[in-house]
Amino acid sequence: GSLGHIRMSARASMIGAAAAVLLGVLLSRLSRAPPSASSSTAETPPQQPQPRSAPAPAPPQRPAVRSAEKQRVASCEVADAIARVSVDKFRLLCNEAGLVYQQTCVAAVVALCTSPDGSSSLHVLSVGAGTKFARAAQVFADTHGQCMRDCHAEVLARRGFKRFLRRELQCRIEACEGGRDAGTDLLAPPSQHGGPWTLQPGVSLHLYSSSAPCG
């Protein structure tokens, strides 16, 4: 009986020691843990609302300008001169016709005439402006072919140049048949009967377009 009592006392002592060690470990961990969110919130004073800054002013509205119509300077003086006379001619024609374009594409055929003494001059032969094509319904309805279908600037400038050439050739051919001088600053008559008409020496043709052709 005494032996059993000793064993029970030793077992109780061991359990009490283990409980004391476990309690010490828990207390040490609790002392090292960071404060909880509730306690930190309670200790932090409330923040004052920051005044809202005024919105930035909107940039001034500028007229719509296509990328190709911005002011640019090329690396070639001749190219700059061709662009300048083409745009000036376009604006002159718009003023004469009372037209106002917000944005468009401009194309022109320009003749560069260089004389034997080295002087040169530029002559705008045709100008076209536009970026549109006729709608399918308009094309199908035009059974007599009287509607201008492709109204892109380059196409219009080319058509205008072809019309200029036909008119010039007609006038020069009539002058040749009448025994008059058929030469011009641009065209040279054939050297023999039935030969081709050519450009005068020192004359070159240039196509200007304010925007790269699409398609």
- Task: Inverting the mean 1/r over all pairs of different Cα atoms, compute the Kirkwood radius of segment 116-215 and quote it in Å.
- Result: 16.5 Å
- For segment 192-208 and segment 128-190, distance of Cα centres in Å: 17 Å
- Message: Please report the carbon-and-sulfur percent of the accessible area for segment 85-171; probe 1.4 Å, protein heavy atoms only, DNA, RNA and ligands left out.
- Response: 53 percent
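Sort 142, 117, 88 by accessible area with a 1.4 Å probe, largest first.
117, 88, 142
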- Once segment 68-145 is represented by equal point scatterers at the alpha-carbon sites, with solvent omitted, what log10 I(q)/I(0) does the Debye formula produce at q = 0.17, 0.24 Å⁻¹? -0.82, -1.17
- Message: Placing unit charges on C-beta atoms (Lys and Arg positive, Asp and Glu negative, everything else neutral), compute the dipole magnitude of segment 76-162 about its Cα centre in debye, rounded to 20.
- Response: 360 debye
- Task: With a 10 Å radius around each residue's Cβ, average the other Cβ atoms per peptide and rank 127-137, 187-197, 147-157, highest first.
- Result: 147-157, 127-137, 187-197
- Quick one: compute the contact order of segment 99-208, relative version, from alpha carbon pairs under 8 angstrom and 6+ residues apart, as a percent. 32 percent
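The values are calculated or read from the model by the stated rules, or taken from the named source; none is laboratory data. Since the model is a prediction, treat every value here as computed from it, not as a measurement. Glycine gets a Cβ as well: all are built from the backbone with ideal geometry, and neighbour counts include every protein chain shown. Heads up: the accessible areas ignore ligands, DNA and RNA and are worked out on the full protein's heavy atoms, side chains in. Shrake-Rupley method; radii C 1.70, N 1.55, O 1.52, S 1.80 Å.
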